[in-house]
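Here the structure is laid out as structure tokens; the discussion comes afterwards.
The values are calculated or read from the model by the stated rules, or taken from the named source; none is laboratory data. Predicted, not measured: the structure shown is a model, and the values here were computed from it. Cβ atoms come from the backbone with ideal geometry, glycine included; neighbour counts cover every protein chain shown. Just the protein is used for accessible areas: all its heavy atoms, side chains included, with ligands, DNA and RNA removed. Shrake-Rupley method; radii C 1.70, N 1.55, O 1.52, S 1.80 Å.
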Amino acid sequence: MKSMILTLLALISLSSYALPERIVLLRHAEKMTGPDPELTEQGHHRAHRLTALLTPYKPTALFSTNYNRTKQTLAPLSDATSLSVTEYDPRKLAGFAEQLKGYTGTLVVAGHSNTTPELVKHLSGQAVSISEKEFHKVFIVSWQDDGKATVQELSSD
């Protein structure tokens, strides 16, 4: 019985070390109109500000939905870090959240005003919001030693 408890504690301990250092979640930058719009000039400027904001965190992986606006938002960061952008399905956020928890380092995820808050909730259990007119919010999910998630909000303005 004692060895089983020690084994269980070791597995729990290992699983807490398997979590990423942090996951940075953001909505795409300002976009044009249309079915799969590209970024506006203002959006491209924000994408560069995001690069300046996030490069010091030394990202190890970048994720984006398969839309022009999210991919273009991460393009300058991808160039600056020499990391390719991996696409994810925004309709399968619960599974994606579990997948993200298996990575290490700092992950950056570009999403949308409806999917980013939902993904933050899946990762942390905490509710956040982004209105349709907000593009500046950046959320950082990290975990304490006890495995409890914390959420920090930054601005890309």
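Figures for the structure shown
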quantity: Which numbered condition residue 76 misses (of (1) part of a helix (DSSP H, G or I); (2) under 24 Å from residue 131 (Cβ atoms)); calculated: (2)
quantity: Residue 116, sole failed condition from (1) outside any helix (DSSP H, G or I); (2) within 20 Å of residue 67 (Cα to Cα); (3) touching a residue at least 40 places away in the same chain (Cβ under 8 Å); calculated: (1)
quantity: Residue that is nearest to the chain's Cα centre (by Cα), among those in region 23-54 that are polar (S, T, N, Q) and part of a helix (DSSP H, G or I); calculated: 51
quantity: Residue ID - nearest to residue 33 (Cα to Cα), chosen from residues in region 129-157 that are open to solvent by less than 40 Å² (accessible area, probe 1.4 Å) and not in a strand (DSSP E or B); calculated: 135
quantity: Residue ID - farthest from residue 123 (Cα to Cα), chosen from residues in region 61-106 that are within 14 Å of the chain's Cα centre (by Cα) and open to solvent by 70 Å² or more (accessible area, probe 1.4 Å); calculated: 71
quantity: Any hit, region 67-88, residues being among the small types (Gly, Ala, Ser), more than 30 Å from residue 33 (Cα to Cα) and in contact (Cβ under 8 Å) with a residue 12 or more places away in the chain; calculated: no
quantity: Test: residue 121 is at pLDDT 95 or above, assigned to a loop (DSSP other than H, G, I, E, B) and open to solvent by 50 Å² or more (accessible area, probe 1.4 Å); calculated: no
